[in-house]
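Working notes, structure below.
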Amino acid sequence: MMIVMKEGATDEQVQAVVDRVEAVGAAAHLSRGELVTVIGAIGDQEHVANLDLEGYPGVDHMVPILKPYKLASAQFKKGERTVLDIDGRKIGGQHFATIAGPCTVESREVMLETARVVRDNGAQLLRGGAYKPRTSPYSFQGLGDAGLRLLAEAKEETGLPIVTELMDVRDLEPVLEVADVIQLGARNMQNYTLLTEVGRSGRPVLLKRGLSATLEELLMAAEYVLKEGNENVILCERGIRTFEPSYRFTLDLMAVPVLKELSHLPVVIDPSHAAGRRDWVLPLSLAAAAAGADGIIVEIHPEPENAICDGPQAIRTEAFGDYMRQIEAAAALAGKELERV
């Protein structure tokens, strides 16, 4: 149930409604807009039905949320878009952000060189995996804690916020020491214990769509984070598995307008994993930016042919400046504001 407070409702009136919601065993989630405050009452349907808040001081009206994902629903924000501010870098609404870096942290030299290129060409956040989920147990699994230390060094030198993947709840604390945004990969999209713990951490989350997941399943996964009081969720479309064998994954660009209709959360696109080839990354990125995506997360590397992980899909650092100019032009055509920090 969504409880819409009157414009000008006092803090005491809002708190009285929150107390009433919690008194019947439901959870109260506040969303304060420019004009009105909305309180989401989430819980057992029978309990919520017994709220009886009509006529409460400060209450304007109540609206049932029909979607199974209550907090992620566009209805919950009354048409407002969620905008995340990550150390001064905004993403969502009219703001476009580029997240770039190597697939995995493989050495100090590569990490720092790439970080400098990301900073110097105006990208907003630096990506790099200290822990890597791999299909084969014999493939490189990441440097772990050593990789986190290299990310911290890159952040200290460049000032760029860090996006890195968390695979196991046991690694949450060391990742929190470094990550400004925690990435949850496609294979962990429905790891509900991990989603819950990351939600409790309060750290912004970049949630990738599973290889065979529907958009509703993606939004339900986001709901696990949101229900813990963490409003900072970014949805990521990275390609889904279909019957087409000509490329690695089908990049579902229809997900951009559809998710923006269904949800208030920012939507970014990962063209690297869908394409699997660097010569396809640029056209997919341009299409995503023109479709209204709130950002791009892309892989770059100084020597892709020598990369330990996913070299064929990484853009060369020497070409990243031109890539950025083209992406920013496409995003501007879609009405996005581009910020250089």
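Return the total of residues in region 299-341 being of a type in the set (S, T, N, Q) and open to solvent by 70 Å² or more (accessible area, probe 1.4 Å).
Taking region 299-341 first, the residues of a type in the set (S, T, N, Q) are 306, 313, 317, 326.
If we keep only those that are open to solvent by 70 Å² or more (accessible area, probe 1.4 Å) as well, we get 306.
Residues that pass the stated criteria total 1.
Could you list, in sequence order, the residues of region 3-26 that are under 31 Å from the mean Cα position of the chain (by Cα) and among the hydrophobic types (A, V, I, L, M, F, W, C)?
Listed by number, the residues that qualify are Ile3, Val4, Met5, Val14, Val17, Val18, Val21, Ala26.
When region 212-227 is examined, which residues are found to be surrounded by fewer than 18 Cβ atoms within 10 Å (Cβ to Cβ) and either touching a Gly at 6+ places or on another chain (Cβ under 8 Å) or touching a residue at least 60 places away in the same chain (Cβ under 8 Å) (or both)?
Glu216, Glu217
Tell me yes or no: at least one residue of region 177-189 is among the small types (Gly, Ala, Ser), open to solvent by 30 Å² or more (accessible area, probe 1.4 Å) and touching a residue at least 12 places away in the same chain (Cβ under 8 Å).
Within region 177-189, not a single residue is among the small types (Gly, Ala, Ser), open to solvent by 30 Å² or more (accessible area, probe 1.4 Å) and touching a residue at least 12 places away in the same chain (Cβ under 8 Å).
Filter region 22-41 down to the residues that are among the aliphatic types (A, V, I, L, M) and out of contact with any Leu (no Cβ under 7 Å at 6 or more places or on another chain), then identify the one that is most open to solvent (accessible area, probe 1.4 Å).
The residue in question is Leu35.
What number of residues in region 80-119 are over 16 Å from the mean Cα position of the chain (by Cα), within 23 Å of Met167 (Cα to Cα) and surrounded by fewer than 21 Cβ atoms within 10 Å (Cβ to Cβ)?
2
Kindly indicate the residue of region 309-336 that is out of contact with any helix residue (DSSP H, G or I) (no Cβ under 9 Å at 6 or more places or on another chain) and at pLDDT below 95 and also farthest from Val118 (Cα to Cα) among those meeting that condition.
Looking at residues that are out of contact with any helix residue (DSSP H, G or I) (no Cβ under 9 Å at 6 or more places or on another chain) and at pLDDT below 95, I get Gly335.
Of all residues being open to solvent by 40 Å² or more (accessible area, probe 1.4 Å) and modelled with pLDDT under 90 in region 120-135, which is farthest from Gly88 (Cα to Cα)? Just the residue, please.
Filtering first and then ranking leaves Thr135.
Out of the residues in region 267-287 that are touching a strand residue (DSSP E or B) at 6+ places or on another chain (Cβ under 9 Å) and not in a helix (DSSP H, G or I), state the one that is farthest from Ala72 (Cα to Cα).
Within region 267-287, the first condition is being touching a strand residue (DSSP E or B) at 6+ places or on another chain (Cβ under 9 Å), and the residues that meet it are 267-274, 278, 281-282, 284-285, 287.
Going one step further and asking which of them are not in a helix (DSSP H, G or I), we end up with 267-270.
Values: Val267: 12, Val268: 16, Ile269: 18, Asp270: 21 Å.
Step by step, filter region 267-287, then rank; the result is Asp270.
Could you pull out the residue among Asp19, Asp44, Asp60 that is farther than 27 Å from Pro266 by Cα, among the charged types (D, E, K, R) and surrounded by 12 or more Cβ atoms within 10 Å (Cβ to Cβ)?
Unique residue meeting the criteria: Asp60.
Being part of a helix (DSSP H, G or I) and of a type in the set (A, V, I, L, M) narrows it down to one residue among Val4, Val18; which is it?
Being part of a helix (DSSP H, G or I) and of a type in the set (A, V, I, L, M) holds for just one of Val4, Val18, which is Val18.
Give the residues of region 1-13 that are closer than 16 Å to Ile42 by Cα and open to solvent by less than 10 Å² (accessible area, probe 1.4 Å), sorted by residue number.
Met2, Ile3, Val4
Quick one: which strands (runs of 3 or more DSSP E) sit completely within region 53-155 and have at least 1 residues that are in contact with a Pro (Cβ under 7 Å, 6 or more places away or on another chain)? Give the derivation first.
Values: elements: 59-63, 84-86, 89-91, 95-101, 125-127.
The qualifying strands (runs of 3 or more DSSP E) are 84-86, 89-91, 125-127.
Here are the criteria: (1) more than 30 Å from Val256 (Cβ to Cβ); (2) among the β-branched types (Val, Ile, Thr); (3) at pLDDT 80 or above. Tell me which single one Val38 does not satisfy.
Only one criterion is unmet by Val38, namely (1).
The values are calculated or read from the model by the stated rules, or taken from the named source; none is laboratory data. Quick caveat: nothing in here was measured; it's all calculated off a predicted structure. Please note: Cβ atoms are built from the backbone with ideal geometry, for glycine as well, and neighbour counts cover all protein chains shown. For the accessible areas, the whole protein counts, side chains as well, though only heavy atoms, and no ligand, DNA or RNA atoms are used. Shrake-Rupley method; radii C 1.70, N 1.55, O 1.52, S 1.80 Å.
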